[in-house]
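A.B. asks: Below you'll find the structure I mean.
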Amino acid sequence: MISSVELRRVAAFSDLQDDQVEWFLSHVQEVFLHAGEAFVQQGDPADWMFIFLEGLFQWRGEFGGETVSLPAQAGDVSGVFPFSRMKRFTVTGRALTVGRLIKFPAALFSELIQRMPELTTRLVGMMSDRIREGTRIEQQRDRLVSLGKLSAGLAHELNNPASAAKRAADQMRHTLTKMRSANFELWRRPLDDSSKGRIEEVEASLLQSGEMQLDGLGLSDLEDRLDSILRSHGHPDSWEILAALAKCNMTPDTLNSLLAHLDSCTARAALLRITAFAELSSLLNAVEGATARISELVRTVKEYTYQAPVQNVDVARSLETTLDTLAYSLQPGIKVQRAYEPVPLLVNAVGNELNQVWTNIIENAIDAMPGGGELRVRAFCENDYVVVEIGDSGPGIPPEVKPYIFDPFFTTKGVGEGTGLGLNTIRTIVKKHGGNIQVSSKPGDTRFQVWLPWADPIEFGRRLNMETRAHSETPIKS
């Protein structure tokens, strides 16, 4: 049987009154353990507080998709504490060496609180430290997970424009070969200044007009008309350039005019050069568009991750940065509805922390709509607050779950799918910025509202009045 002297070697009990120590010892169970033997299993009811007396111990289990391992040793107090809301142990406790411990039943916590208030205060402090450290570790882990998701999404998003640019570059080599061949044919034939000028005029007009945006039927009709003109000028076998001529917006009148200036052989070489020129222009536009998209993605990620000090942040721009970053997660069946004020709504905040808030809420909304639905994003002003509302058309949050969604470590997801710190973390961030977060939910309509103090409501009112006046003074066109 453990003595009071041995228990007082544990710091939390060292200076407690004798009658308190004796009462405590009268309700504990002493446990001897072999190396490798478990004293509690993951999933067991959280019914015991443990005081380790001899040996080395370890808490270990699956948490948030990773294996978590926490050491313990003689003199440590662990397990469930007074006022803890833990219902089941989330890890397994095991002795690493031959060990000994005592365990106190959670069923007697109410009496312990009355009989041993000083110990209760110490245990609550230990629990707070444990939660704080666990939260810090898991928040860091969540940031790394978010970074991993962001990297995977960015790689996916970058691959599309990069592949498009590569395809265009490969095709440009083939087109340049065709243009070189056409130029060689033209150089072999004497062209007067008028003919050269006409070819250059056609190329310039096609460059200015761009590609023809026709459906399949319209494109086929244009090809038939161009084919008729080519045949009438002695070019019966020009099928290989018909599609290119139609695609580059060559009109029947332009083709007629060009053929009237050139002999048959020269005309064919000129047409090959013109179509190659137009194709090169189109491919260059494709490369330009792809590289612009890559630059836009890089800018978005820089804005999303930028570790800026507290500053005025435009919430609409912050929301759009997050939506752009999460574009890879938005399934085709999810429609995004936006509603922002006509002028910027500014809040004093750390921009990347707000992005973390929007990311968590939007990802939860997407997860709630696996078969598709509507993601609604609003930003508006009310009193001295900027309100961001993010809603979804998913099945809603069960009433029995809703009171606990902001609790640390609470999650409805399966093992390895969530840590239960996401909503708790964003509530901490929102409170840090002087705001609050609210949620309402029913089937088909779940809404999270984040209220943040307005940076400059007076300036907003002035700009909103100017915007309203500008709209009212705009003449109505008949």
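A.B. asks: Is it the case, given these coordinates, that L346 is within 26 Å of T428 (Cα to Cα) and either free of Cβ contacts under 8 Å to residues at least 60 places away in the same chain or surrounded by fewer than 16 Cβ atoms within 10 Å (Cβ to Cβ) (or both)? Full working, then the answer.
C.D. replies: On the way: within 26 Å of T428 (Cα to Cα): yes; either free of Cβ contacts under 8 Å to residues at least 60 places away in the same chain or surrounded by fewer than 16 Cβ atoms within 10 Å (Cβ to Cβ) (or both): no.
Considered against the rule, which asks whether it is within 26 Å of T428 (Cα to Cα) and either free of Cβ contacts under 8 Å to residues at least 60 places away in the same chain or surrounded by fewer than 16 Cβ atoms within 10 Å (Cβ to Cβ) (or both), L346 comes out as no.
A.B. asks: Residues of segment 73-98 being open to solvent by 20 Å² or more (accessible area, probe 1.4 Å) and touching a Pro at 6+ places or on another chain (Cβ under 9 Å), which ones?
C.D. replies: K87, R88, L96, listed by residue number.
A.B. asks: One residue is enough: does segment 358-369 have a residue meeting the conditions open to solvent by less than 70 Å² (accessible area, probe 1.4 Å), out of contact with any Gly (no Cβ under 6 Å at 6 or more places or on another chain) and free of Cβ contacts under 8 Å to residues at least 24 places away in the same chain?
C.D. replies: Step one: filter segment 358-369 for residues open to solvent by less than 70 Å² (accessible area, probe 1.4 Å), giving 358-366, 368-369.
If we keep only those that are out of contact with any Gly (no Cβ under 6 Å at 6 or more places or on another chain) too, we end up with 358-359, 361-366.
Remaining after also requiring free of Cβ contacts under 8 Å to residues at least 24 places away in the same chain: none.
Checking segment 358-369: not a single residue is open to solvent by less than 70 Å² (accessible area, probe 1.4 Å), out of contact with any Gly (no Cβ under 6 Å at 6 or more places or on another chain) and free of Cβ contacts under 8 Å to residues at least 24 places away in the same chain.
A.B. asks: A further question follows. Please work out if L421 is at pLDDT below 55, more than 21 Å from I362 (Cβ to Cβ) and open to solvent by less than 70 Å² (accessible area, probe 1.4 Å).
C.D. replies: So L421 does not fit the description; no.
A.B. asks: For S441, which of the numbered conditions (1) open to solvent by 40 Å² or more (accessible area, probe 1.4 Å); (2) within 26 Å of R88 (Cβ to Cβ); (3) modelled with pLDDT of 90 or more fails to hold?
C.D. replies: S441 satisfies every listed condition except (1).
A.B. asks: Something else: Kindly provide the set of residues from segment 15-27 that are part of a loop (DSSP other than H, G, I, E, B) and in contact with a helix residue (DSSP H, G or I) (Cβ under 9 Å, 6 or more places away or on another chain), ordered by number.
C.D. replies: At the first step, the residues of segment 15-27 found to be part of a loop (DSSP other than H, G, I, E, B) are 15-17, 26-27.
Within segment 15-27, D15, L16, Q17, H27 meet the criteria.
A.B. asks: Another question, then. Please go through segment 5-26 and give me each residue that is exposed (fewer than 14 other Cβ atoms within 10 Å of the Cβ) and either more than 48 Å from the chain's Cα centre (by Cα) or over 23 Å from Q114 (Cα atoms) (or both), ordered by number.
C.D. replies: So the first thing to find is which residues in segment 5-26 are exposed (fewer than 14 other Cβ atoms within 10 Å of the Cβ), and the list is 5, 9, 11, 14-15, 17-19, 22, 26.
V5, R9, S14, D15, Q17, D18, D19, E22, S26 - these are the residues of segment 5-26 that are exposed (fewer than 14 other Cβ atoms within 10 Å of the Cβ) and either more than 48 Å from the chain's Cα centre (by Cα) or over 23 Å from Q114 (Cα atoms) (or both).
A.B. asks: Which is among the hydroxyl-bearing types (S, T, Y) and in contact (Cβ under 8 Å) with a residue 40 or more places away in the chain, of S78, S26, S84, S4?
C.D. replies: Numbers: S78 fails: in contact (Cβ under 8 Å) with a residue 40 or more places away in the chain; S26 fails: in contact (Cβ under 8 Å) with a residue 40 or more places away in the chain; S4 fails: in contact (Cβ under 8 Å) with a residue 40 or more places away in the chain.
Just a single option satisfies the conditions, and that option is S84.
A.B. asks: Is it true that A308 is modelled with pLDDT of 85 or more and of a type in the set (G, A, S)? Please lay out each step first, then the result.
C.D. replies: Details: modelled with pLDDT of 85 or more: no; of a type in the set (G, A, S): yes.
Answer is no for this residue.
One line per residue, one yes/no per condition, for (1) within 21 Å of the chain's Cα centre (by Cα); (2) within 30 Å of G134 (Cβ to Cβ); (3) modelled with pLDDT of 90 or more; (4) not in a loop (DSSP other than H, G, I, E, B):
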| position | (1), (2), (3), (4) |
| --- | --- |
| E389 | yes, no, yes, yes |
| P395 | no, no, yes, no |
| F460 | no, no, no, yes |
| R463 | no, no, no, yes |
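A.B. asks: Assuming F32 fulfils every condition listed in (1) closer than 25 Å to I113 by Cβ; (2) over 37 Å from the mean Cα position of the chain (by Cα); (3) open to solvent by 90 Å² or more (accessible area, probe 1.4 Å); (4) among the aromatic types (F, W, Y) apart from one, which condition is it?
C.D. replies: (1)
A.B. asks: Mind telling me which of the residues A72, A107 ends up being within 11 Å of A46 (Cα to Cα) and either touching a residue at least 60 places away in the same chain (Cβ under 8 Å) or in a strand (DSSP E or B) (or both)?
C.D. replies: Values: A72 fails: within 11 Å of A46 (Cα to Cα).
Criteria check complete, one pass: A107.
A.B. asks: Please enumerate the residues belonging to segment 163-178 that are among the basic types (K, R) and crowded, with 17+ Cβ neighbours inside 10 Å.
C.D. replies: The answer is K178, and nothing else.
A.B. asks: Looking at segment 220-239, which of its residues are within 55 Å of the chain's Cα centre (by Cα), exposed (fewer than 15 other Cβ atoms within 10 Å of the Cβ) and either modelled with pLDDT under 70 or among the hydrophobic types (A, V, I, L, M, F, W, C) (or both)?
C.D. replies: Within segment 220-239, D237, W239 meet the criteria.
A.B. asks: Then there is this: Under 7 Å between Cβ atoms, which residue pairs at least 6 apart in sequence (or on different chains) link something in segment 272-291 that is β-branched (V, I, T) with a partner that is outside any helix (DSSP H, G or I)?
C.D. replies: T275/C248
A.B. asks: Over 30 Å from F89 (Cβ atoms), at pLDDT 90 or above and in contact with a His (Cβ under 8 Å, 6 or more places away or on another chain) - does that describe any residue in segment 338-358?
C.D. replies: Yes, because at least one residue in segment 338-358 is over 30 Å from F89 (Cβ atoms), at pLDDT 90 or above and in contact with a His (Cβ under 8 Å, 6 or more places away or on another chain).
A.B. asks: Would you be able to say whether some residue in segment 264-271 is more than 55 Å from the chain's Cα centre (by Cα), at pLDDT 75 or above, open to solvent by 20 Å² or more (accessible area, probe 1.4 Å) and more than 29 Å from K166 (Cα to Cα)?
C.D. replies: Looking for residues that are more than 55 Å from the chain's Cα centre (by Cα), at pLDDT 75 or above, open to solvent by 20 Å² or more (accessible area, probe 1.4 Å) and more than 29 Å from K166 (Cα to Cα), one finds none in segment 264-271, hence no.
The values are calculated or read from the model by the stated rules, or taken from the named source; none is laboratory data. Since we're looking at a predicted model, the values are computed, not measured. Virtual Cβ from ideal backbone geometry, glycine too; neighbours counted across all protein chains shown. Please note that ligands, DNA and RNA were not included when accessible areas were found on the heavy atoms of the full protein model with its side chains. Shrake-Rupley method; radii C 1.70, N 1.55, O 1.52, S 1.80 Å.
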